[in-house]
Amino acid sequence: MNRTSSIRLIGLAGLGALLAVPALGQSSSHFYGGVGAGIARSANETARTTGVLLPGVDTLSSSSDRNDNAFKVFGGYQINPNLSLETGYYSLGKSRFTTQTSPAGSLSGATKVRGLNFDVVGTLPLTERFAGLARVGVHHAWSEERYSGTGAGAGVAFSSKHNNTNYKVGLGAQYQLTPAMWVRGEMERYRVKDITGRRNNIDVASVSLVFPFGRTAAPRMAAAPVYVAPAPVPVAAAPAPEPVPVPAPPAVAPRVPERLSLSADALFGSNQSVVQQQGQNDLDRFSQQLGGATYESISVEGHTDRMGSNAFNQRLSDARAASVKDYLVIHGRIDPARISATGLSEGQPVTAAADCPDSLSRARLIECLQPDRRVEIEVTGTR
């Protein structure tokens, strides 16, 4: 593959990845790095003997060792949750073969391949932590080949180094162990040209550890300050008559808010549905207020902003509403028959389109749409 074809392949791969999956909002771009190791398996090495043996020498039988250890070191930039650009260094180990010849003799060879790659990586989130991967790119390989022979193959004894640029593809899966470390499992195919001009495949199965860095947490709304009335100014007054004892009024339980709106950025992590510590504190306060009230039902509604696909936003709003309901049932001891959870996706935004136009930068748009990412709790029949 010549250089022009390689550039076209990268361009088409990037365009295809952008069109294939929509970019999701509510997550920042970041850099990452990683290391991987696995097993490389080369195509049939003995096919090269036809281009190396002297005229009049035929092959009788062959044996080969096509498997060897492989490793890679890589770094990339996550543009959005569905697309990243990645480059790295790889080593595909060695492949070896031995051929018996006629007239009597033998020919042995070994090939070592290493190089650099540049890939476009597409990611399809399947759950909050698990995602599928697909990649396409180009690589530049440095191949080193050594041959030696005996008998009829004794005239073959040399080593050769050559470079070639070709394509590579891969499929795999990724799982988030922690926010600071992911694990990947992948199958990749490298197309490599040998000294005889033949193009062979080298397949690699690998496991990698990926370390993201430079990620920023989603912005959170600061809590509104509590108003405290100033102390009254003392005023001199005439002596008052002896006070008549008045019975104290009965204690009144704190009023339960009939509709409560909580920021999803405070309740959950970015694109997550697990209630975090700050969100747990807010829900605990709500449960305490609800303890002294009589009510008929409670409804929990999950809302997202307009960024991301409708399907993803619907799943996220459903999961967040269900998490709040589960927390109130388990920790607030609310009757599960009296509480319902519904995800409304981006269908009921608080912001207007004119307030947060798409022309804003990504970071400013995410911040502007923060009021839309919320969970609303409505209590019916309180007294």
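Scan segment 20-45 and report the pairs whose first residue is at pLDDT 50 or above and open to solvent by less than 30 Å² (accessible area, probe 1.4 Å) and whose second residue is of a type in the set (Gly, Ala, Ser) and in a loop (DSSP other than H, G, I, E, B), with Cβ atoms within less than 6 Å and a gap of 6+ or a chain change.
If the second residue must be of a type in the set (Gly, Ala, Ser) and in a loop (DSSP other than H, G, I, E, B), the pairs left are His30/Gly214.
Counting only residues that are touching a Ser or Thr at 6+ places or on another chain (Cβ under 7 Å) and of a type in the set (Asp, Glu), which one in segment 328-383 is least open to solvent (accessible area, probe 1.4 Å)?
Among those that are touching a Ser or Thr at 6+ places or on another chain (Cβ under 7 Å) and of a type in the set (Asp, Glu), it is Asp372.
Do we find that Glu145 is open to solvent by less than 20 Å² (accessible area, probe 1.4 Å), part of a strand (DSSP E or B), at pLDDT below 85 and not hydrophobic (A, V, I, L, M, F, W, C) in this structure? Full working, then the answer.
Numbers: open to solvent by less than 20 Å² (accessible area, probe 1.4 Å): yes; part of a strand (DSSP E or B): yes; at pLDDT below 85: yes; not hydrophobic (A, V, I, L, M, F, W, C): yes.
So Glu145 passes the test.
For (1) among the hydrophobic types (A, V, I, L, M, F, W, C); (2) closer than 21 Å to Gly269 by Cβ, each residue gets a yes or a no:
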| position | (1), (2) |
| --- | --- |
| Arg333 | no, no |
| Pro336 | no, no |
| Ser340 | no, no |
| Leu344 | yes, yes |
| Pro349 | no, no |
| Ala354 | yes, no |
| Ala363 | yes, yes |
| Cys368 | yes, yes |
| Pro371 | no, yes |
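For segment 98-134: of the residues being under 20 Å from Gly185 (Cα atoms) and in contact with a Lys or Arg (Cβ under 8 Å, 6 or more places away or on another chain), which is surrounded by the fewest Cβ atoms within 10 Å (Cβ to Cβ)?
Leu133
Identify the residue in segment 163-184 that is among the small types (Gly, Ala, Ser) and assigned to a strand (DSSP E or B) and, among all such residues, is nearest to Arg114 (Cα to Cα). Don't jump to the end; show me each part of the working.
Let us first name the residues in segment 163-184 that are among the small types (Gly, Ala, Ser), namely 170, 172-173, 180.
Next cut, assigned to a strand (DSSP E or B) only: 170, 172-173.
Working: Gly170: 17, Gly172: 21, Ala173: 24 Å.
Per the stated criteria, the residue is Gly170.
Kindly list the number of the only condition in (1) surrounded by fewer than 18 Cβ atoms within 10 Å (Cβ to Cβ); (2) under 16 Å from Gln272 (Cβ atoms); (3) of a type outside the set (S, T, N, Q) that fails for Phe312.
Tallying (1) surrounded by fewer than 18 Cβ atoms within 10 Å (Cβ to Cβ); (2) under 16 Å from Gln272 (Cβ atoms); (3) of a type outside the set (S, T, N, Q), Phe312 fails exactly one: (1).
Can you give me the number of residues within segment 298-326 that are out of contact with any Gly (no Cβ under 7 Å at 6 or more places or on another chain) and not in a helix (DSSP H, G or I)?
8
The values are calculated or read from the model by the stated rules, or taken from the named source; none is laboratory data. Since the structure is predicted, the reported quantities are computational estimates derived from the model, not experimental observations. Virtual Cβ from ideal backbone geometry, glycine too; neighbours counted across all protein chains shown. Calculation scope for accessible area: heavy atoms of the full protein, side chains included, ligands and nucleic acids excluded. Shrake-Rupley method; radii C 1.70, N 1.55, O 1.52, S 1.80 Å.
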